[in-house]
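Notes follow the structure.
Each value in this text was obtained by applying a stated rule to the coordinates, not by laboratory testing. All values reported here derive from a predicted model rather than from experimental measurement. Here the Cβ positions follow ideal geometry from the backbone for every residue, glycine too, while neighbour counts run over all protein chains shown.
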Amino acid sequence: MPVFVVSLFLPYTVDFHDATPNESTPASKPEKRLPLRNSSIPDLKNLSTLLTTPTPPRTPAATADHIEFFSQFQPSPASHFPQPHVPRSLMRSDPHVPEWGKGAVFNQPRSRAGPTPPDTILEAGKAQDLAELQARAIAGSTKRSRRPSARDIRSPRAMSSERSQWQSGWSVEPAVEGNGGLANAIRAASEAGRIGDTFWVGTIGFPTDVLEQSQKDEIHEKLESEYEALTVFVEDSDFTGHYVHYCKTILWPLFHYQIPDHPKSKAYQDHSWKYYVTVNQAFADKIVRNYKRGDVIWIHDYHLLLAPGMVRKKLPDAQIGFFLHAAFPSSEVFRCLAMRKELLDGMLGANLVGFQTKEYAHHFLQTCSRLLIVETTHEGVQLDQRFVNVVSLPIGINPEGLGIAREHPNVLDWIRVIEARYEGKRLIVCRDKLDNVGGVRHKLLAFELFLNKYPEWRDKVVMIQVATSTTENPELAATVSDIVTRIDSTHSNLAHQPLIFLRQDIPFSQYLALLSVADAIMITSLREGMNLTAHEYILCQDGASSKKRHGPLILSEFTGSASIFGGQELSVNPWDFHWCAEAIRIALRMDSVERERRYIKLRDVVMDRTGENWCTTLFDTLDKVYKEQNMRDTMSIPRLALGPLKSSYKVAERRLFILDFEGTLASYSIDTSLQRVFDTLKEMTLDDKNIVYITSGRKPEDLERLFNTVPGLGMIAENGCFVKESDSNTWIQFPDSQKMKTWKESVKGMLDYYTQRIEGSYIEERHCYLIFHYENANDAESAARQAGDCANHINDSCENQRIHAVPTEKALLIEPVDWSKGTAVKHVFKNACHTVPDFLLVAGDDREDEIVFRWAKRRAAKGNVKHVTTVSVGNRNTEAMATLTQGTPGLLSVLQKLVTGT
């Protein structure tokens, strides 16, 4: 089936050949395509010319020769190697791209968006005052009918001239922006035939306001017809507000535990939210316009959190998946977002929400429970009318594509050059973003400590740190520069420089060569969804392109990759400089046997968790849960057919009824007459072939008092914690009384805290669980928010006590994990029926009854019971086989007709 792969950037972009080069683009000269043998690679016979040794002694400026060495060749526009078919090119799994609209390796238009907001609150106030003065001045001049000057508006001639330079001479190229790991995974799975036709949906990767509409149409048509890509065009100001401001200034830092709450952050302004909504809506509209019934929609990453919900509103039956490639923070951090509810609602528009690790999935479920006050399970989120599945599945790389790239002549040449240049040295290779999340500062401080602590390594080790930047961070850059200067001035000498710091990206060929010759790699991200650089490093260490090294992997414990490597990496806490320094020493001293042992296990993980397998598993999982959710949709479940049910009832020799009381046999408000319920149950129990059980959340003594006039009635009380068999007068209690008492005492202390803060709330205690009621609270919104906090607090602190807190309508239910209606029904079926019944009818209306429905369906699937019927009288999505739209009166009518045969 056709699949829409929706990402902010398409894997393709456009290069304008005949246009005037961008004055904002650093490299204004046309860039050469990489030949098979690049003449700029240093001559292997004259390697001495590479080892410049300045006199007098080396100064920090002497790093220029290393920068020149790695800059002798710049990559061709976005392509790593010349390839005849653009879509098959391999992208960097973790691309570090320049800031949008600033120009990279292509000749493209600049953004025409307005200036960015000032950095500080004080400057913002001044700017606002100035804007108000200008507005009043313009308003005054308008009254005097003054003609706008050149300062007020740009002349039409200038606008026309700017547009004309982009009118001809362009070609489609593989993009450097976007999610390289996603692109590689989709292509690998598609080429292997494991997924159907794919259509990419995304932006073209550069500002487009200056282009004529006809040219946009031409680009769109070419990409759609030749590359199966649908282009989303948005205004420059909308994209800048969305990507540069909201995504990079608010979402990205906060998702990685960098809360932007200081005065120098632009996050104090919420102006960018409207742009985020606008761009997400543009994506949703593009999807809806091109959607056909049966298509699959896969939306990716934090740039498009609202898109699943927006598409769901227009396409309620669509098959939608969402995968977050970044980290997802704890609820304490996520709740700092002003638009937190809107973002969660947007994500929950999907049928399946995927995360890189179990930790991130748990954070998401916890956040939904706390902020939206909804029930969550390990499988997903239960909304009012549907269920959203949640999974964790780490993405991987494309080993086959990487293997081909590593055998390219340029990579092999660079391996020989780098090995010769650093002969006799131990290389530690690093490539990170120079931002507050990348951990470059922490790594350099740890390396400096290593050199100070272990002077015997000063002349033997070289760390090559490639630090790319997507946004400017002057303070961090200055701090890192100070550390680099200090290391260089302290530990460098005439013949050796232990730190090579490159504040630039390097060609893909050099990148692969460095990974191949490295003796270790060090990644100290402070938080990261995954880190595919580590995966690429592992594959490059197998000796296919150079000698086998099996170098150790030094990896931050806060990366998603650390959760799948099983401790075979050298795990570090980036804030613990001493341990990071020790990890460097351990990596350099590790013997070959230990290196190989660790390497084999790491490689097995990388080869097992490939991008192709990730992609295929996600699509298969989405297809599975989509079908399951459709089966549970009340619109898809048939009404209960009375005729076949009566026929099954008549021929059955042994019948078992499991009937929920509140909401099923009677309404929740028991102020109405129950005489009809009692009469119906009496008629049922008078038949010796019938075994009838009532299930309820009430206490045993309450049920016994309520149904004392119905002889032979079996009862399940407190949602499965107690059972009174139909032929017995005693109650069986499953939970241990002492354990119940222990956890209730601790939980009541927490609940007391919230009852004091929510006026009108109270605690109801039953034998085996507690209910925190707040339906009478004066401030319903505040009460719901604090109830969510309470549930989160209980679930975090009392998990070992085998209890959990579940939000319900205007209440919070705290119940044992190990006992439910399902466990009680299993006991009844095994011990109380004496003989296996050949007729089973289960009726219910809420979450507790779904467990019994699932149990009954398994009995039917195994053939244990010949005639099985499960019926829901509620309006929520359900696993029941049938529904009763008439509600409780309808069920009583059905039961009476079965008994009387009418």
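Values for this structure:
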{"read-out": "Loop trypsin sites (Lys or Arg not before Pro), segment 225-327 (other Cβ atoms within 10 Å of the site Cβ: 13 or fewer; DSSP)", "value": "264, 292, 293"}
{"read-out": "Partners for residue 739 among lysines (Cα-Cα distance below 19 Å; same-chain residues under 8 apart left out)", "value": "699, 748"}
{"read-out": "Compactness of segment 765-902 as Cα Rg over 2.2 N^0.38 Å, two decimals", "value": "1.29"}
{"read-out": "From the C-alpha gyration tensor of segment 577-617, square roots of 5λ in Å", "value": "29, 15, 5"}
{"read-out": "Electrostatic dipole magnitude of segment 517-663 [Cβ: Lys, Arg +1; Asp, Glu -1; Cα centre; debye, to 20]", "value": "560 debye"}
{"read-out": "Spherically averaged projected area in nm², based on the convex hull that wraps the Cα atoms of segment 320-397", "value": "4.9 nm²"}
{"read-out": "Loop sites in segment 441-473: GluC sites (Glu not before Pro), DSSP, at most 16 other Cβ within 10 Å", "value": "472"}
{"read-out": "Shape parameters for segment 187-263, alpha-carbon atoms, Rg then Dmax in Å", "value": "17.2, 52"}
{"read-out": "Cβ-placed point charges (K, R +1; D, E -1), dipole of segment 770-900 about Cα centre in debye, nearest 20", "value": "960 debye"}
{"read-out": "Length released on extending from residue 882 to residue 860, taking residue separation times 0.36 nm less the Cα-Cα span", "value": "6.5 nm"}
{"read-out": "Value of Rg to Rh for segment 458-567 (Rh from inverse mean 1/r over Cα pairs, i.e. Kirkwood)", "value": "0.98"}
{"read-out": "Inverse of mean 1/r across different Cα pairs in segment 497-652, Kirkwood, Å", "value": "19.2 Å"}
{"read-out": "Convex hull projection area averaged over all views, segment 399-609, Cα basis, nm²", "value": "10.9 nm²"}
{"read-out": "Total charge dipole magnitude, segment 202-336, about the Cα centre, Cβ charges on Lys, Arg, Asp, Glu only, Debye to nearest 20", "value": "580 debye"}
{"read-out": "Hydrodynamic radius by Kirkwood, which averages 1/r over all alpha carbon pairs of segment 528-582, in angstrom", "value": "12.1 Å"}
{"read-out": "C-alpha center-to-center spacing [segment 839-875, segment 594-645] in angstrom", "value": "24 Å"}
{"read-out": "Ordering of 710-723, 650-663, 792-805 by packing [mean C-beta count within 10 Å, highest first]", "value": "710-723, 650-663, 792-805"}
{"read-out": "Inter-label distance for residue 601 and residue 589, nm, one decimal - labels placed 7 Å from Cα along Cα-to-Cβ", "value": "2.1 nm"}
{"read-out": "Cα pair distances of segment 737-816 binned at 5 Å [whole percent]", "value": "3, 17, 32, 25, 14, 7, 2, 0"}
{"read-out": "Under-25-angstrom lysine pairs by C-alpha in segment 399-609, whenever the two are 8 or more apart or on separate chains", "value": "12"}
{"read-out": "Low-density loop cleavage sites - trypsin sites (Lys or Arg not before Pro) in segment 662-764, where at most 14 other Cβ are within 10 Å (DSSP)", "value": "689, 757"}
